Each structure stands twice: as structure tokens, then as C-alpha cells.
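Input: a single structure, listed below in C-alpha cells.
The values are calculated or read from the model by the stated rules, or taken from the named source; none is laboratory data. This is a predicted model, so every value here is computed, not measured. All Cβ positions, even for glycine, are placed from backbone atoms using ideal geometry, and neighbour counts span all protein chains on display.
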Amino acid sequence: MDHVLVVVSDIEMGAGGPTDDYPDTAFLELILSEYQLPPFDEIAVTFVFNGDTFDFLKTPCEGDVAYPTHITAALSLAKLERIAAAHPSFFQTVRRLLTASTASRSVVFTAGNHDQELFFEAVQDRIRELIGADVVFAGITWRSGDVLVEHGSQFDPTFAIDPDRPFVDHRGEVYLNLPWGTLALLEVVMPYLYLLYPLDRLRPHRDALAAVPEAQELLLSGFRRYWTRDYWARFFQQPDPLRRVSWAMLAQVGYRFGTGDPDPHSRGDQEVLSRNPDVQTICLGHLHQPALESIDDRRILRTGCFRNEYRADFVHGRHRLLPKVYAEIFMSEEKTVRNRLVEVDGPAPSSTGIPEDFGSLSLELRRELELVRASAEREAPSAHEQGFTEPSVEPRPSFIRTLWHALGDDR
């Protein structure tokens, strides 16, 4: 054994405050610093932060629009500064990992759906400055010998990034080429993050939404309006390279509305194996659901998350902190020798951010629903004139025609 890969995913550190899901840099440093001790002190170690390390997605911007959809390098840097101010010790930890041993040490960052901003060179340069040492930004996928590491969001059609076109040029500006799912989250969900963040920390999400039906109603009504009206109104009003239409997108939207499933992810494990026949070990994250699978002599490791999440218990109100799960991959001469998932219990947080009684949250959500309904009633006549709503008596195919038009079909 001459090389060890330590793969951590889904830390999701944000800008501090109650909506920041990142628990404890000290705990992460405690775990990773063990790889500076025997028997690892004389072996090369690569620490891979496999996507969603930084939660740019939920980090608000200052100004009139807290969650803009047209994200420039300047906006990304401003978000990064807020994250760094809230978690300066993380960058110090990474610096120590790189410098505290005489053996070879390296750090790799891959991009996930929460930190697509890592594609900006200016963001990469600033992170290197904050760390005070060189690190590798691998993009979506990183290879080492017969090991492949990527975040996993490429197999979730909602958040798949176009690897050949990470940016779009529009009106003289360069923006992140956001997936349609990210665009929808920014426009529909993020405005309610200050209310919904406790539910996002509970697993499974379906149970959390069922326990607070007002949250489910607010989200469903928001997405219904978005996908039957707002998205298309903006699509046709002015050209915007971020607003694209495909059958894959419409299929996912239809599935979510038809099933009510908030987590319809595609695992994509078989796809990774089939397109990489020379890979022995694959390491993914994204789903926050640790799993280990063997297919013949090949192994798929799916890490959990390092942010704080809880197993929901609405009967007794004792939501259980879930363990953190990361991966170790031991290599010799660029080949996998063995691998495993490592499960560790994190320290109990001083506050979970999850209320003991959801009654007050339900009340606030009902107020928001009343505002949404009132707004919809005021705007209904104008929307009906534009063909984005269906009359209550005689259905019209206006929305269907809109879809055909958007897809470039003349039928």
C-alpha cells in the first residue's frame, strides 16, 4: 500500500446563521488529522472533497435579489467571502493537512450541484489564497489509477451540469450555466429557506413534508405555478440561455407532480460502470444515503454527508443525529487494494435548528400560503389572457401548445 484516498462529500458549509447546515470544523479536522498519524504518516494521502463542500446554492447575496439566477464570478466571490468569514478554520484545517507531514499530501475539490461556482477560476484562485497552498480543482470527475471519484449529481437529471459548457455568455456577461433544477430551486424554494430549513435536515424528506402539510402545499403550489406559468412567461418574454426546454426536463417535472416524490434521484451506478470499463472503484456522494455495492470484482462506494441531518421521529420528537460516512480507498501502484466506508458519530450540536413543536412553523407557513393565494387571485386575469392558466369550465390546450412551441414542434 503506497497511497490512500480519503473521500468526504456533502459538507455544505454556508454563510453561518440558522440556515447553515455545516456542523463543526473542529470535528472534521479531528477525523482528517488521524491520517497524519501512523500508519499513514509515511504514506501518500489524498483528501478528496467530493462536491457540495461549499453551499453556494443556499448562500444569499446582498442587495435587492438574495438568490439571483444569473451568477457571475463577482457574485460567486462575494458568496465565497461570506462562507470563509463564517468558517475560517476550515481553510486552516486544509492548510495543516497539506503541510503537517513529511509524506506526500494533496487536496482535491470536485464540483457538485451546491458548489458549481468552483468552475470559476477566480473562485479557485481565492480558495487557494485562503488555504495558503495549492489544491486541485478537478471539475466534475477526478481519476487516480483505477479509481473514479465524482459527486453524483450528473446522474440526477434535475441537477446535471453540462461539462462541455459550464458557462453561458449573455448580454456581455459570463454566467454559470445552471441546470434547470437549480434554477427552479433558486426561484421557488430559496425565498422560503428561512422557514423550510428545519425540514430539509430531516430524513426521509417525504415524512418531514407529511408531518407539516403546509410546507408541502406551499412547495407544490409554488412549483405548480412555476411550471405552468412563470417559467414559460419568462421563457417567451425575453431570450435567456438559462431557460431551456427538453423532454428530459418535462419528464422529470411530470414525474414529480405525478408522484409527489421530493427525492426522485437516479443512482446511475450501472451507467458509471458501463462507461468506465477500466475503473475498479467508483466513489459517489450527492444522495446523502451511504451505500456499498459490489458488482463482480468492482466496488461502488456512496458516501453519506458531513452536514447535520436527523432521522425524523415525529412520535416522540427525538430526532436522531445521523452519523457521518466517508470513504477510504487503499491503493498500491495505482491499483485498488481495498476500500471501505467509515462511519463516525458527530458531536451533539448545541442546537439542531429543529423546533420541538412544529405548530408555530405551520402557522407561519399558513400565512405565506394566504399571501400566495391572494397574489394568484390578483394576477389571474392577466395570466389567463396570456394563456398560462386553464379556465375552470372548458379546458383549453394553451399550456400544451406552449410546450410544443417551446420544444420546437409545430404540431
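Within the stretch 15-62, which residues are over 30 Å from residue 156 (Cβ atoms), at pLDDT below 95 and small (Gly, Ala, Ser)? 26, 33, listed by residue number. Taking every residue in the stretch 215-243 that is more than 23 Å from residue 162 (Cβ to Cβ) and pairing it with any residue that is hydroxyl-bearing (Ser, Thr, Tyr), at least 6 positions away or on another chain, the pairs with Cβ-Cβ distances below 7 Å are 218/192; 229/389. Within the stretch 71-113, the set of residues being without any contact (Cβ under 8 Å) to a residue 24 or more places away in the chain and crowded, with 17+ Cβ neighbours inside 10 Å comprises 75 only. Exactly one residue out of 313, 296 is free of Cβ contacts under 8 Å to residues at least 24 places away in the same chain, within 26 Å of the chain's Cα centre (by Cα) and either surrounded by 20 or more Cβ atoms within 10 Å (Cβ to Cβ) or in the same structural domain as residue 25 (by TED's automatic domain parsing) (or both): that is 313. The residue that is farthest from residue 349 (Cα to Cα), counting only those in the stretch 153-210 that are among the polar types (S, T, N, Q) and outside any helix (DSSP H, G or I), is 177. When each of 116, 124 is tested for being of a type outside the set (A, V, I, L, M) and crowded, with 20+ Cβ neighbours inside 10 Å, the lone residue that passes is 116. The requirement of being part of a helix (DSSP H, G or I) and closer than 25 Å to residue 8 by Cα is satisfied by residue 127.
The rows are residues; the columns are (1) part of a strand (DSSP E or B); (2) surrounded by 12 or more Cβ atoms within 10 Å (Cβ to Cβ).
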| residue | (1), (2) |
| --- | --- |
| 318 | no, no |
| 330 | yes, yes |
| 346 | no, yes |
| 352 | no, yes |
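From the list 148, 118, the one residue that fits, being closer than 27 Å to residue 2 by Cβ, aliphatic (A, V, I, L, M) and not in a loop (DSSP other than H, G, I, E, B), is 148. Does residue 101 satisfy being part of a strand (DSSP E or B), over 19 Å from residue 271 (Cα atoms), among the polar types (S, T, N, Q) and more than 23 Å from the chain's Cα centre (by Cα)? Taking the combined requirement at face value, the residue does not satisfy it. Checking the conditions here, which among 191, 163 is farther than 19 Å from residue 55 by Cα, outside the structural domain of residue 46 (by TED's automatic domain parsing) and surrounded by fewer than 20 Cβ atoms within 10 Å (Cβ to Cβ)? The conditions single out 163.
Contact map, the stretch 154-177: first residue closer than 21 Å to residue 77 by Cβ and hydroxyl-bearing (Ser, Thr, Tyr), second residue part of a loop (DSSP other than H, G, I, E, B) and modelled with pLDDT of 90 or more, Cβ cut-off under 8 Å, separation 6 or more or different chains; pairs are 175/70; 175/71; 175/72.
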